[in-house]
Each structure stands twice: as C-alpha cells, then as structure tokens.
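Before any comments, here is the structure.
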Amino acid sequence: MRVLVAVCAGLMALAAPAFAAHHEAGEMDHHGAGADAITAAIADTDRAAWELERDPGRHPALVLAHAEIQPGDRVADLGAGGGYFTHLVANLVGPEGSVVGQNPPTWATNYGANWPEQHGAITTSHPNVSFVVAPIDDMGFEAGSLDAITMALIYHDIALLDVDRAVVAAGLYDALAPGGSLLVTDHHTADGGDFHDNADSLHRGNEAVTVAELEAAGFELVGSYDDLVNEDDDLTLMVYDPAIRGHTSRFVLVFRKPE
C-alpha cells in the first residue's frame with residue numbers, strides 16, 4: 001500500500017503544473033487543518049487502491065487546504081459515492097470526530113454495486129464513519145448537529161434529482177451549527193445556459209448560480225478559490241470525456257453559517 005501511495009503522490013506531482021499557477025481569489029479567516037494533517041490524511045495506508053487511483057484527478061491536497069475541518073468536528077459528506085472524500089475527511093476529524101457519508105436513493109440503486117464493500121472497508125478502519133442512503137432534501141440531520149458539510153463535485157447533480165434546490169440549501173443551513181462551514185467544489189461551465197441542461201449534458205456546475213442559491217439560504221461566502229482553474233479546459237466537453245477527465249477547470253467555494 002505504501003508503494004501505491006508513493007506512486008499516486010508522483011502522479012499528483014505530474015498533474016499539478018496545470019493548476020499550480022493559480023492562487024487564492026478570496027480572503028478568509030481560515031479555520032481548517034494544516035498542511036501536515038492534510039498530508040497525513042492523504043498518506044493513510046488504509047486507503048484502498050481505488051481511492052489512490054483517483055487522487056491525481058481529484059487533487060485532494062488542494063481541496064482539503066480550503067476545507068474548514070478540524071479534529072473533533074462532526075461532518076457530513078454529501079454525495080459520498082464509495083466514500084473517497086469521506087475517508088479523507090475522517091482522517092482529518094480523527095477518532096474524536098465523526099463523518100456521515102450520504103448518498104441519494106437513486107444513486108445507490110444505479111451506481112452503488114461496489115459501495116457495500118467500499119463502505120465496509122472504510123468503516124472497519126474508521127469507526128467514526130457511517131454511511132446513509134437518504135434523500136438530499138430530507139436527510140434527517142438534527143438542527144445544528146454538524147460543524148461542516150462537504151459537497152465535492154456534486155452540487156450540479158442536485159439539478160438532476162426531483163428536488164427543490166431551495167429546500168436542499170435550507171436543509172444544509174439548518175443542519176449546521178452557527179459558525180459551521182460548507183465546502184462546495186464543482187466543474188466550471190461557460191457563463192449562461194440552463195443549469196439543469198448543463199448538468200445533464202456536461203455534468204458541470206455554475207459558480208454564479210451555486211453562490212446565489214446558497215446565499216439565498218442565508219450562507220455567507222467567505223472563500224472563493226481558483227487553485228483548480230484550468231485555462232486549457234474550454235468548458236464545452238462533458239467532464240467524463242477522456243480529453244478532459246481529471247483535468248476539468250473547477251471552482252472551490254467555502255460558505256459559513258453566521259454565528
């Protein structure tokens with residue numbers, strides 16, 4: 001496993017130059033983990049081969065650097081899939097914290113064949129992790145029960161579910177404790193166009209729409225980052241197209257629920 005970690009670290013280094021020239025666009029009082037904790041989270045030898053294989057395309061070090069997550073936090077990772085980001089977050093919160101990985105029922109039905117095995121491996125090594133299948137507009141979190149929520153590359157997918165995004169945003173806001181944070185990353189799309197159509201045909205989000213919807217729910221945008229902007233992405237290809245997969249231009253947003 002250590003060999004795989006080293007190999008993936010090398011691949012990340014090779015992939016990094018396309019993004020390395022971009023820096024913070026927003027300013028914030030950062031409450032997140034330090035570089036050493038993030039490095040240790042990624043280097044965890046309990047991470048499976050399938051997780052390590054995704055590292056070059058997911059850029060976890062860059063994303064986690066902006067997450068407002070500390071040891072002991074209670075976190076929900078929404079649209080968790082097999083638990084790629086959930087596992088990383090579990091390493092950051094440590095044994096005193098907890099992480100819930102959530103997936104919508106339709107995702108579990110359509111894409112979840114490998115999830116029992118993947119989830120089981122993560123919960124075995126990390127008892128502070130649990131996974132739930134629940135509608136994203138009715139997840140059942142108690143009000144104020146979470147310190148942070150993460151949504152990695154999935155906000156656009158909400159448009160493809162039969163839900164009211166305003167209800168979803170309100171639920172996220174209610175679940176967070178005052179001062180809690182929401183991390184959203186997504187694939188850039190060209191300005192203009194219908195949010196649903198772009199999500200359906202390209203699997204891309206829209207930064208302006210995302211910000212507007214979450215601010216309407218009461219969130220404050222406290223960080224907007226361009227670390228993952230890739231000017232070589234012309235924003236017209238579907239994100240799974242081999243020509244751009246793993247190298248899409250992305251936005252990273254951090255919101256807070258006011259104290």
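The values are calculated or read from the model by the stated rules, or taken from the named source; none is laboratory data. Small disclaimer: the values here were computed from a predicted structure and weren't measured. All Cβ positions, glycine included, derive from the backbone under ideal geometry; neighbour counts span all protein chains shown.
Exactly one condition in (1) in contact with a Phe, Trp or Tyr (Cβ under 7 Å, 6 or more places away or on another chain); (2) crowded, with 19+ Cβ neighbours inside 10 Å is not met by residue 218; state its number.
Exception for residue 218: condition (2).
One line per residue, one yes/no per condition, for (1) touching a helix residue (DSSP H, G or I) at 6+ places or on another chain (Cβ under 7 Å); (2) hydrophobic (A, V, I, L, M, F, W, C); (3) surrounded by 15 or more Cβ atoms within 10 Å (Cβ to Cβ):
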{"site": "121", "(1), (2), (3)": "no, yes, yes"}
{"site": "142", "(1), (2), (3)": "no, no, no"}
{"site": "171", "(1), (2), (3)": "no, no, yes"}
{"site": "210", "(1), (2), (3)": "yes, no, yes"}
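Inspect all residues belonging to region 114-122 and state whether any of them is at pLDDT 95 or above, among the aliphatic types (A, V, I, L, M) and in contact with a Ser or Thr (Cβ under 6 Å, 6 or more places away or on another chain).
Looking for residues that are at pLDDT 95 or above, among the aliphatic types (A, V, I, L, M) and in contact with a Ser or Thr (Cβ under 6 Å, 6 or more places away or on another chain), one finds none in region 114-122, hence no.
Considering each of 80, 108, 65 in turn, give the residue that is within 23 Å of residue 156 (Cβ to Cβ), buried (at least 19 other Cβ atoms within 10 Å of the Cβ) and at pLDDT 95 or above.
The conditions single out 80.
Looking only at region 83-105, count how many residues are within 23 Å of residue 174 (Cα to Cα), surrounded by 18 or more Cβ atoms within 10 Å (Cβ to Cβ) and not small (Gly, Ala, Ser).
Looking only at that region, the number is 9.
Which condition from (1) under 18 Å from residue 151 (Cα atoms); (2) at pLDDT 95 or above is the one that residue 230 breaks?
So the condition that residue 230 fails would be (1).
Kindly evaluate residue 121 against the criterion of being small (Gly, Ala, Ser), at negative phi and in a helix (DSSP H, G or I).
Yes; evaluated as a whole, the condition is true for this residue.
So which residues in region 132-183 are within 15 Å of the chain's Cα centre (by Cα) and of a type in the set (A, V, I, L, M), if there are any at all?
136, 148, 149, 151, 152, 153, 154, 158, 172, 182, 183
Of all residues in region 8-59, which are at pLDDT 50 or above, among the hydrophobic types (A, V, I, L, M, F, W, C) and in a loop (DSSP other than H, G, I, E, B)?
Correct list: 33, 48.
Please state which one of 187, 247 is in contact with a His (Cβ under 9 Å, 6 or more places away or on another chain) and surrounded by 14 or more Cβ atoms within 10 Å (Cβ to Cβ).
Working: 247 fails: in contact with a His (Cβ under 9 Å, 6 or more places away or on another chain).
Result of the check over 187, 247: 187.
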